[in-house]
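Undergrad: There's a structure below that I have some questions on.
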């Protein structure tokens, strides 16, 4: 179990620091908009996220799926978040994303 937790921690340290809160939010919203049947899905999502390649987007998605599977199987506990920090970021993101148009 420690290795799984270490795996998630390594992911967080290596990838979350290089993905801003805004990029992650754009990524999540674009995943909904560009479903699995969308042609050039990863490139379309990369265009929305900005400053990420289609390959980085696809890898970010694969890691997300792996993490969800580990959490759902009970291998990794659901992380706890500071709601004050999140709500501040969400308010700013909502303001910015309000003007985001998905092509």
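All of the numbers you see were taken from the coordinates with simple rules; none came from a lab. Everything numeric in this text was worked out from a predicted model, so none of it was measured. Cβ placement follows ideal geometry from the backbone for every residue including glycine, while neighbour counts extend to all protein chains displayed.
Undergrad: Run the numbers for residue 43 and residue 78: contour at 0.36 nm per residue of separation, minus the present Cα-Cα distance, in nm.
TA: 9.6 nm
Undergrad: I would also like to ask the following. Take 19, 42 and order them by how many other Cβ atoms sit within 10 Å, fewest up front.
TA: Ascending Cβ contact count within 10 Å gives the list 19, 42.
Undergrad: Which value in nm describes the separation of the simple spin-label points at residue 20 and residue 55, placed 7 Å from the Cα toward the beta carbon?
TA: Result: 2.4 nm between the two label points.
Undergrad: Can you sort 67, 37 so the residue with the fewest Cβ neighbours within 10 Å comes first?
TA: Ascending Cβ contact count within 10 Å gives the list 37, 67.
Undergrad: Using the Cα gyration tensor of segment 32-80, with a ≥ b ≥ c the square roots of its eigenvalues, what is the shape: rounded (a/c below 1.5), prolate (a/b larger than b/c) or oblate (neither)?
TA: prolate
Undergrad: Just rank 52, 70, fewest to most, by other beta-carbon atoms within 10 angstrom.
TA: Ascending number of Cβ neighbours within 10 Å: 70, 52.
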